[in-house]
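The structure under discussion appears below in the form of structure tokens.
The values are calculated or read from the model by the stated rules, or taken from the named source; none is laboratory data. This structure is a prediction, so every number in the text was calculated from the model and none was measured. Here Cβ is always computed from backbone atoms with ideal geometry, including for glycine, and neighbour counts include all displayed protein chains.
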Amino acid sequence: MKKNVVRRLKERGWSEEDIKKTEEIIQKRYREDKSRSTPSMNRVLYWSAVVVIVLGNFIISMFLIPFLLVLRKLTLDIIIITIAFAFGLLFNLLVTDIEHIEKKHHIIILIIVPFIALINFIVMVNIADSLAATLKLPIARENPYFISIIYVAAFILPYLYNLIVKKAYK
């Protein structure tokens, strides 16, 4: 218990023995409550975060189609890197705030999410190319795989920083 709580209990006439018993009861109850709900809740939070991130990547990739059609290479790359990095920060916040996820969960996320983001962006760039061809827009752009890799690298950077530098999974 906190020192101020112990001090107030002593002022009210509680004995050291009663304070220790109360503290043990509270700690025991806290451990029981936490052990019952936390693992299943963390699994739901973990997979919900993965689904949100995958859907978010899809929405972002579709949102960027008009930009692919009208922007030049450098401007487009800066926008893609900025959006990917910002979304990567959100992804990092969601995943690292979930308590008690194991190293295997971090590895799963490091494999699944970038892979799906890569596929989303390849599809998105191909859709933009088809749309540009249909509308007869003169666009000169990099390889769709290069744009996708730029997005995935900027997206995963905050998470990798957290895993490597801050050692999120101890």
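See the values below:
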quantity: Evaluation of Phe87 against (1) exposed (fewer than 14 other Cβ atoms within 10 Å of the Cβ); (2) over 22 Å from Lys136 (Cα atoms) (one fails), failing number; calculated: (1)
quantity: Residues satisfying the stated conditions in region 63-75, i.e. modelled with pLDDT of 85 or more and either over 20 Å from the mean Cα position of the chain (by Cα) or not hydrophobic (A, V, I, L, M, F, W, C) (or both); calculated: Leu74, Thr75
quantity: Sole residue being in a helix (DSSP H, G or I), over 16 Å from Leu71 (Cα atoms) and touching a residue at least 24 places away in the same chain (Cβ under 8 Å), chosen from Ile127, Ile112; calculated: Ile112
quantity: Ser61 vs. criteria buried (at least 17 other Cβ atoms within 10 Å of the Cβ), in a helix (DSSP H, G or I) and out of contact with any Asp or Glu (no Cβ under 9 Å at 6 or more places or on another chain); calculated: yes
quantity: Of all residues making up region 130-148, the number that are in a helix (DSSP H, G or I) and either of a type in the set (S, T, N, Q) or touching a Leu at 6+ places or on another chain (Cβ under 7 Å) (or both); calculated: 5
quantity: Scan of region 71-81 for residues that are among the β-branched types (Val, Ile, Thr) and either outside any helix (DSSP H, G or I) or in contact (Cβ under 8 Å) with a residue 24 or more places away in the chain (or both), ordered by number; calculated: Ile80, Ile81
quantity: Pick from region 91-107, criterion in a helix (DSSP H, G or I) and free of Cβ contacts under 8 Å to residues at least 12 places away in the same chain, ranking: farthest from Tyr159 (Cα to Cα); calculated: Lys104
